[in-house]
Amino acid sequence: MAETAQRSFLSVADQRTLLLTGSLSPRDLVITALNRIDAVQPVLNCFVEVWRDEALSRAADLGRQPMTAEVFLEQPLLGIPVAIKDTTPWDGHPITYGSVTHRDHLAARSAHVVDALMAAGAIIVGSTNTPEFAHASITDNALWGATRNPWNLERSPGGSSGGSGAAVSSGCVTLAEGSDMGGSVRIPAAWCGVVGLKPSLGRIPMDALPGLWDTLSHHGPMARSVDDIWEFLLATQGPSRRDPMSVLTALRRPTEHDDDRVVAGLRVALSTDLGCWAVDTEIAATVHRAAGELAQAGAHVEIVDPGFTAGDQHLWIAMWSVFMAANYGHLLENHQHEMDSDVIGLIEAGNRMSAREYKRLELRRTEVWQRVMRVLDDYDVIVCPTMAQAPKPATKVEERRRTAPLADGRLHADDMTSVWNLVAPCPAISVPGGRFGPGPHQGLPIGVQIIGRPGREDQILALARVIETWSGSPKWQPTGL
């Protein structure tokens, strides 16, 4: 039993080695994943669909081919169980978007990221929970209920890719897909103690939305290590004509000593509050210590004020409300009584905005871009917290998101992620930097966020590897599950 439990936390490389040596088969890996899901799903509620028979059938088919190095060059994720978010379509499979309005909905097509995972040999075992239409940083909805944080069942894993974060953190799958329009990969990564990447705009082609011209949205991987993030990224990256934003030159797999060369001499701008956030003191201290480790590894670290304001956060919310109104506003006529009140509020706010007002948001967003680029002209990356506060209660009844400045003049919002979607070409990653000490949040993970220049995932991943080596996070396993 202990050996089976440990198998749930193997890396992609470890699983590949066991497949190559014949020690395990794809069916063995799938059975391990399914058994782990069976063990934790009643407690965590991280999955909404588990495609057991289909996963076992695919594992049997993949297991009939010889397990050779040449085969793995063509299918680098051969036999690896993965999960996708309940907002990402897979042709013919249920997709509910966490909404009662879509309880019986089947996907009519597959997203690029699904096709890419399948082409790489991955085995999709299920879809993961999300708040209704991925609108919130807490994963709770009327259709599937609340997902729980593996580190503390009273807390939320974050959102909107909270089911994916909990599934990876608890060892159900090695890799999970999420989507990120305002931190929806990085928020659960931080609160669940895993790695989550918002790639550069278009790096992983985004064709899951009804329209192809959105400039906030990203697919992103979640994993327990930077190495496994690389595996997902290389298997799913574009370019692809299915996404007109996907024009980046493909990344190459780093060699053993690439990280040392990348990190040496990098200029790091450090900010624990981004100019306006109210940040938990233990989170700020953890980010400072992580930056110190980057300096020890050869980076040049300086404290910088990027000059964000509460208005920047509210700018993102305004753009998000228009997105919600355009894509889901038509549901209010017949389904308003079934929908989350926060979703309704966002739609109504979006409906009130005129086309001229929305266009003016682009002018404000341009100013944010120019401000960030002035920092990245002088520095290669920006380091800050992923989340300003510890994980919140698991259900939306208990905790409503706050985004308003209080009397102290600071922005009291949980996430420090949404503003980086305003500068979508810049990749951003959350990597575990430590855990809370004694107190009400004891043992809960703390995420460090690294933002890079457009197209430079290699730099932020190299720095993230330094931090995860220091924190030892790839070996973390929630207790009691």
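The values are calculated or read from the model by the stated rules, or taken from the named source; none is laboratory data. As the structure is a prediction and not an experimental result, all values here were calculated from the model. Quick reminder, even Gly has a Cβ in these numbers, built from the backbone with ideal geometry, and neighbours come from all protein chains shown. SASA here: full protein model, heavy atoms, side chains in, ligands and nucleic acids out. Shrake-Rupley method; radii C 1.70, N 1.55, O 1.52, S 1.80 Å.
Quick check on my filter: what residues within the stretch 215-246 are farther than 25 Å from Gly447 by Cβ and in contact (Cβ under 8 Å) with a residue 40 or more places away in the chain?
Within the stretch 215-246, Gly238, Ser240, Arg242, Asp243, Met245, Ser246 qualify.
What strands (runs of 3 or more DSSP E), lying completely within the stretch 367-481, carry at least 1 residues that are closer than 20 Å to Leu270 by Cα and open to solvent by 10 Å² or more (accessible area, probe 1.4 Å)?
Here the list reads 428-435.
Answer yes or no as to whether Ala250 is surrounded by fewer than 18 Cβ atoms within 10 Å (Cβ to Cβ), within 19 Å of Ala122 (Cβ to Cβ) and among the small types (Gly, Ala, Ser).
yes
How many residues does the stretch 113-123 contain that are open to solvent by 10 Å² or more (accessible area, probe 1.4 Å) and either free of Cβ contacts under 8 Å to residues at least 12 places away in the same chain or within 18 Å of Val168 (Cα to Cα) (or both)?
Counting residues in the stretch 113-123 that are open to solvent by 10 Å² or more (accessible area, probe 1.4 Å) and either free of Cβ contacts under 8 Å to residues at least 12 places away in the same chain or within 18 Å of Val168 (Cα to Cα) (or both) gives 2.
What about Leu315, is it open to solvent by less than 50 Å² (accessible area, probe 1.4 Å), under 30 Å from Arg456 (Cβ atoms), aliphatic (A, V, I, L, M) and more than 21 Å from the chain's Cα centre (by Cα)?
Considered against the rule, which asks whether it is open to solvent by less than 50 Å² (accessible area, probe 1.4 Å), under 30 Å from Arg456 (Cβ atoms), aliphatic (A, V, I, L, M) and more than 21 Å from the chain's Cα centre (by Cα), Leu315 comes out as yes.
Are there any helices (runs of 4 or more DSSP H) wholly within the stretch 1-102 with 2 or more residues that are in contact (Cβ under 8 Å) with a residue 40 or more places away in the chain and of a type in the set (Gly, Ala, Ser), and if so which?
In the stretch 1-102, 26-44, 52-63 are the helices (runs of 4 or more DSSP H) which contain 2 or more residues that are in contact (Cβ under 8 Å) with a residue 40 or more places away in the chain and of a type in the set (Gly, Ala, Ser).
Go over the candidates Ser110, Ser160 one by one and state the one that is open to solvent by less than 10 Å² (accessible area, probe 1.4 Å) and in contact (Cβ under 8 Å) with a residue 12 or more places away in the chain.
It is Ser160.
Any idea which of (1) touching a helix residue (DSSP H, G or I) at 6+ places or on another chain (Cβ under 7 Å); (2) in contact (Cβ under 8 Å) with a residue 40 or more places away in the chain is the one Ile317 doesn't satisfy?
Unmet for Ile317, out of (1) touching a helix residue (DSSP H, G or I) at 6+ places or on another chain (Cβ under 7 Å); (2) in contact (Cβ under 8 Å) with a residue 40 or more places away in the chain: (1).
Can you find a residue in the stretch 128-151 that is closer than 22 Å to Arg186 by Cβ, part of a helix (DSSP H, G or I), among the aromatic types (Phe, Trp, Tyr) and at pLDDT 95 or above?
Looking through the stretch 128-151, at least one residue is closer than 22 Å to Arg186 by Cβ, part of a helix (DSSP H, G or I), among the aromatic types (Phe, Trp, Tyr) and at pLDDT 95 or above.
What number goes with the only condition from (1) surrounded by 18 or more Cβ atoms within 10 Å (Cβ to Cβ); (2) within 14 Å of Asn129 (Cα to Cα) that Pro42 does not pass?
Unmet for Pro42, out of (1) surrounded by 18 or more Cβ atoms within 10 Å (Cβ to Cβ); (2) within 14 Å of Asn129 (Cα to Cα): (1).
Which residue is most open to solvent (accessible area, probe 1.4 Å), if the candidates are limited to the stretch 124-143 and must be closer than 23 Å to Gly329 by Cβ and among the hydrophobic types (A, V, I, L, M, F, W, C)?
Only one residue fits best here, namely Ala142.
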